Amino acid sequence: MAEIPKVAMKPPTSTDSDNWEIQFRKGCLELAILAALCNGKLYGLEILRRLEATSNLIVSEGTVYPLLSRLKLEGVLDSEWVASEAGHPRKYYRLTPRGRRRAVAMARMWSEFSSNLANLVSPLLKETR
């Protein structure tokens, strides 16, 4: 019987840890945006501010606007240009009925997933460094 070669795993570096956190946040961003829009329409900067204020997600415009465009193409969001007192029009986004259904489904899935994962990781939180 052939022996299975052992693979040396390098210990995680701070860069690996940072990448993991970035990927985790990106994975949650769609749900966060849909949740931010659940109470009505917001323009781009308001979405960024809502994410930061309510979930401590600090996201750049360069990350959010492509996602907003994709969600609009998928029929999850609708948008409209509205004149503002600031002088330039603003593009407001809102959930479509399809988008609201997706947001509710994602929120339910997130709630169940995060609850189950919390049960799994709770012993780790009791460990000291």
Open item on the list: If I model a spin label as a point 7 Å beyond the Cα along the Cα-Cβ vector, how far apart are those points for Glu52 and Arg94 in nm?
Closed with: 2.6 nm
Open item on the list: If you split all Cα-Cα distances of the stretch 24-119 into 5 Å bins from zero, what percentages do you get per bin, shortest first?
Closed with: 2, 13, 23, 24, 19, 10, 4, 2, 1, 0, 0
Open item on the list: Loop-only GluC sites (Glu not before Pro) in the stretch 34-120, please: DSSP not H, G, I, E or B, and at most 16 other Cβ atoms within 10 Å.
Closed with: Glu74, Glu85
- [ ] Starting from the Cα of Cys28, step 7 Å along the direction of its Cβ; do the same at Asp78; then give the gap between the two resulting points in nm.
- [x] 3.1 nm
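No lab work stands behind these numbers, since they all come straight from the coordinates. Because the structure is predicted, anything quoted here is derived from the model rather than measured. Ideal geometry is used to build each Cβ from the backbone, glycine not excepted, and the neighbour counts take in all protein chains shown.
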